[in-house]
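Participant: Encoded as structure tokens, here's the structure I'll be asking about.
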């Protein structure tokens, strides 16, 4: 059973359609939600929380239809907003306990639970401090604690590491990994692709309100074109090697350091590179297989759609 | 200590039903005001005229039969519908009522928008209606201190000091009239403040807008009345409408000729204000514009 099954969701703001038939399935674990600015990521998260009404479509959460759950579905979901979202003047523990109570926990249980989750996120020593005095990293942890206080099955994290220093970011990602290990599902919306690479095993790429791609990072890496860095030396000019590559139907790009960046379609490998090098009247002196980063995959997914990625 | 060694406990305890989720939010809206000395002092000031009402009852019962005071006490008003209408809507108390409405009401939704906590609250298992109910109930609680609560206390003193339970029946309108006034007058004020507060991100802007509507509205009506001498111009004055409503609810003549609004106009005013407020709230929350 899918933890989250989104079926043809559409959201319209007046004449603008923010989500245009979004469909994807989340089986569990950590899922990255990627997309340029204005792709509809925040709208999707708010739709899943019921904060933005759906124009059409629906989603199932833990097998239950969102339309039948009503506001009660938010007991199953924890939300870490991108924006500040803290009430000035309240201590960390009071704030988390209040949100626990709003999720239905009795007062005493909410306070106890607030202490537990604040300890879990590493804020046990600062829990009585006014949340206004917290650093950016502490605020992000506080928001995570608030999202966990009612023990939800699904966590929606909207830019949880934004504004954090590298150490804090790594700690936050480690917390998220631990949450996934506990069996909770995490939907991570972020601009930081390294966070997605570090945490997620599935990616949903949104673009202009539509799902551009939705596969596991591993499968996608395997299915995509292969990238090589090649040093070619021969009698003729480098142009000869470039032309031979183009004849073979590859993308070849000379770099300033004298190397060529080759992109080969699936099925062709190092042997083909050596063969083409010989045909161009030279030989390969250096050969490096480049790992395809999520960033490249993400950009290529957008470029396939003929769009620029200036919004990133 | 690495975070993953700190442990995470799942929660399997009880949860309150959905219809009780608004209560903590209501509590968090109300309690902080009682920690503000200035606010408590303001509430005390608002109750001063009601102490006068209690004192009147005391004087009538304790000194009314004494020969030396009989004449003097006889000139003092007794606790009845007219006195309660005066206590409810005298200029002093209305001014303080508006101050409290601005102090508490301007931040109801606007503060959550400013602090960006609105989607955090609405992201919990609580409907928009419950959220608004919690916020409205908080302001309503304070406005009850200006209307229903002191009336009940006054009635308790009246019956307790005189020992005359029959007073409750002869002056039953004091209670049900005040209840109806509270429901319609301060109740509409709560709706209006909620609507106004949902339109802005800054409580200060909401407060200034309310001041502009109420106080400058009164001044404008006063100027027009001075020229035309037509009582109906007070239709646009919230304070005069409240005075007229109290007079109608308690079945007494208007305190002044200029307050004598036609009952149909009063009913239309409060219906229109409540309707417009509900319309604004419905539009802001159903289309989620309030989250922007």
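The values are calculated or read from the model by the stated rules, or taken from the named source; none is laboratory data. The structure presented is a predicted model; accordingly, all values stated were derived computationally and were not measured. Neighbour counts are summed over all protein chains in view; Cβ atoms, including those assigned to glycine, are modelled from backbone coordinates with ideal geometry.
Participant: Answer yes if at least one residue in region A:9-19 is touching a helix residue (DSSP H, G or I) at 6+ places or on another chain (Cβ under 9 Å) and over 13 Å from residue A:206 (Cβ atoms), and no otherwise. Break it down stepwise before answering.
Facilitator: Restricting attention to region A:9-19, the residues satisfying the condition of being touching a helix residue (DSSP H, G or I) at 6+ places or on another chain (Cβ under 9 Å) are A:9, A:11, A:13, A:18-19.
Keeping just the survivors that are over 13 Å from residue A:206 (Cβ atoms) gives A:13.
There is at least one residue in region A:9-19 that is touching a helix residue (DSSP H, G or I) at 6+ places or on another chain (Cβ under 9 Å) and over 13 Å from residue A:206 (Cβ atoms).
Participant: Only one of (1) within 11 Å of another protein chain (Cβ to nearest Cβ); (2) within 13 Å of residue B:285 (Cα to Cα) is not met by residue B:132, so which one is it?
Facilitator: Here residue B:132 clears every test but (1).
Participant: Among the numbered conditions (1) more than 10 Å from chain B (Cβ to nearest Cβ); (2) buried (at least 22 other Cβ atoms within 10 Å of the Cβ), tell me where residue A:133 comes up short.
Facilitator: (2)
Participant: Would you point out the residue of region A:68-85, among those that are more than 8 Å from chain B (Cβ to nearest Cβ) and part of a helix (DSSP H, G or I), that is surrounded by the fewest Cβ atoms within 10 Å (Cβ to Cβ)?
Facilitator: The selected residue is A:68.
Participant: Would you check which residues across region A:86-111 are surrounded by fewer than 17 Cβ atoms within 10 Å (Cβ to Cβ) and free of Cβ contacts under 8 Å to residues at least 24 places away in the same chain and list them? Can you show your working first?
Facilitator: Filtering region A:86-111 down to residues surrounded by fewer than 17 Cβ atoms within 10 Å (Cβ to Cβ) leaves A:88-89, A:106-108.
Residues satisfying the conditions are A:106, A:107, A:108.
Participant: Answer with yes or no whether residue A:154 is touching a strand residue (DSSP E or B) at 6+ places or on another chain (Cβ under 8 Å) and under 19 Å from residue B:124 (Cβ atoms). Quick ask: steps written out before the conclusion?
Facilitator: Working: touching a strand residue (DSSP E or B) at 6+ places or on another chain (Cβ under 8 Å): yes; under 19 Å from residue B:124 (Cβ atoms): yes.
Yes: the conditions hold for residue A:154.
Participant: Regarding region B:75-87, can at least one residue be identified that is exposed (fewer than 14 other Cβ atoms within 10 Å of the Cβ) and either touching a strand residue (DSSP E or B) at 6+ places or on another chain (Cβ under 8 Å) or free of Cβ contacts under 8 Å to residues at least 12 places away in the same chain (or both)?
Facilitator: Looking through region B:75-87, at least one residue is exposed (fewer than 14 other Cβ atoms within 10 Å of the Cβ) and either touching a strand residue (DSSP E or B) at 6+ places or on another chain (Cβ under 8 Å) or free of Cβ contacts under 8 Å to residues at least 12 places away in the same chain (or both).
Participant: Just wondering, is there one or more residues in region B:51-71 that are under 21 Å from the mean Cα position of the chain (by Cα), surrounded by 15 or more Cβ atoms within 10 Å (Cβ to Cβ), touching a residue at least 60 places away in the same chain (Cβ under 8 Å) and more than 14 Å from chain A (Cβ to nearest Cβ)?
Facilitator: Yes, that holds for at least one residue.
For every residue, the table says whether it meets (1) within 16 Å of the chain's Cα centre (by Cα); (2) free of Cβ contacts under 8 Å to residues at least 12 places away in the same chain; (3) part of a helix (DSSP H, G or I); (4) closer than 25 Å to residue B:267 by Cα.
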{"residue": "B:149", "(1), (2), (3), (4)": "yes, yes, yes, yes"}
{"residue": "B:156", "(1), (2), (3), (4)": "no, yes, yes, no"}
{"residue": "B:159", "(1), (2), (3), (4)": "no, yes, yes, no"}
{"residue": "B:164", "(1), (2), (3), (4)": "no, yes, no, no"}
{"residue": "B:168", "(1), (2), (3), (4)": "no, no, yes, no"}
{"residue": "B:174", "(1), (2), (3), (4)": "no, no, yes, yes"}
{"residue": "B:181", "(1), (2), (3), (4)": "yes, no, yes, yes"}
{"residue": "B:187", "(1), (2), (3), (4)": "yes, no, yes, yes"}
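Participant: Could you list all residues from region A:154-170 that are surrounded by 20 or more Cβ atoms within 10 Å (Cβ to Cβ) and in a helix (DSSP H, G or I)?
Facilitator: A:169
Participant: Across region B:15-43, what is the total count of residues that are surrounded by fewer than 16 Cβ atoms within 10 Å (Cβ to Cβ), within 12 Å of chain A (Cβ to nearest Cβ) and in contact with a helix residue (DSSP H, G or I) (Cβ under 7 Å, 6 or more places away or on another chain)?
Facilitator: 0
Participant: While we're here: Condition (residue is more than 9 Å from every other protein chain (Cβ to nearest Cβ) and part of a helix (DSSP H, G or I)) applied to region A:56-67: is it met by at least one residue?
Facilitator: Kept after step one, since they are more than 9 Å from every other protein chain (Cβ to nearest Cβ), are these residues of region A:56-67: A:56-67.
Now narrow it down to the ones that are part of a helix (DSSP H, G or I): A:66-67.
Checking region A:56-67: at least one residue is more than 9 Å from every other protein chain (Cβ to nearest Cβ) and part of a helix (DSSP H, G or I).
Participant: Take the residues in region A:136-146 that are within 19 Å of residue B:117 (Cβ to Cβ) and more than 9 Å from chain B (Cβ to nearest Cβ); name whichever of them is surrounded by the most Cβ atoms within 10 Å (Cβ to Cβ). Even if it seems obvious, please write down each step before you answer.
Facilitator: So the first thing to find is which residues in region A:136-146 are within 19 Å of residue B:117 (Cβ to Cβ), and the list is A:136, A:138-146.
From what's left, more than 9 Å from chain B (Cβ to nearest Cβ): A:136, A:138-142, A:144-145.
Details: A:136: 14, A:138: 19, A:139: 20, A:140: 25, A:141: 28, A:142: 25, A:144: 25, A:145: 30.
Of everything passing the filter in region A:136-146, A:145 is surrounded by the most Cβ atoms within 10 Å (Cβ to Cβ).
Participant: Is it true that some residue in region A:33-50 is within 11 Å of chain B (Cβ to nearest Cβ), touching a residue at least 12 places away in the same chain (Cβ under 8 Å), over 19 Å from residue A:189 (Cα atoms) and in contact with a helix residue (DSSP H, G or I) (Cβ under 8 Å, 6 or more places away or on another chain)? Outline the logic, then answer.
Facilitator: Within region A:33-50, the subset within 11 Å of chain B (Cβ to nearest Cβ) is A:42-43, A:45-50.
If we keep only those that are touching a residue at least 12 places away in the same chain (Cβ under 8 Å) too, we end up with A:42-43, A:45, A:47-50.
Within this subset, residues satisfying the condition of being over 19 Å from residue A:189 (Cα atoms) are none.
No, region A:33-50 has no match at all.
Participant: Scan region A:87-127 residue by residue and report those that are part of a helix (DSSP H, G or I), facing chain B (nearest Cβ under 7 Å) and over 29 Å from the mean Cα position of the chain (by Cα). Outline the logic, then answer.
Facilitator: Quick first cut of region A:87-127, residues part of a helix (DSSP H, G or I) only: A:92-102, A:107-120.
Then keep just the ones that are facing chain B (nearest Cβ under 7 Å); that gives A:98-99, A:101-102, A:109, A:113, A:116, A:119-120.
Residues satisfying the conditions are A:98, A:101, A:109.
Participant: While we're here: Limited to region B:196-229, what total is found for residues that are loosely packed, with under 14 Cβ neighbours inside 10 Å and not in a helix (DSSP H, G or I)?
Facilitator: Result for region B:196-229: 1.
Participant: Shifting gears a bit: Kindly provide the set of residues from region A:229-253 that are out of contact with any strand residue (DSSP E or B) (no Cβ under 8 Å at 6 or more places or on another chain) and exposed (fewer than 11 other Cβ atoms within 10 Å of the Cβ), ordered by number.
Facilitator: Of all residues in region A:229-253, those out of contact with any strand residue (DSSP E or B) (no Cβ under 8 Å at 6 or more places or on another chain) come to A:237, A:239, A:243-244, A:247-249.
The answer is A:239, A:249.
Participant: Where in region A:172-274 are there helices (runs of 4 or more DSSP H), lying wholly inside it, with at least 1 residues that are within 14 Å of chain B (Cβ to nearest Cβ) and modelled with pLDDT of 85 or more? Full working, then the answer.
Facilitator: Values: elements: A:193-199, A:217-223, A:238-247.
In region A:172-274, the matching helices (runs of 4 or more DSSP H) lie at A:193-199.
Participant: Output the residues belonging to region A:116-130 that are touching a helix residue (DSSP H, G or I) at 6+ places or on another chain (Cβ under 8 Å) and surrounded by fewer than 19 Cβ atoms within 10 Å (Cβ to Cβ). Quick ask: steps written out before the conclusion?
Facilitator: So the first thing to find is which residues in region A:116-130 are touching a helix residue (DSSP H, G or I) at 6+ places or on another chain (Cβ under 8 Å), and the list is A:117-118, A:120-124, A:126-129.
Passing the criteria: A:124, A:128, A:129.
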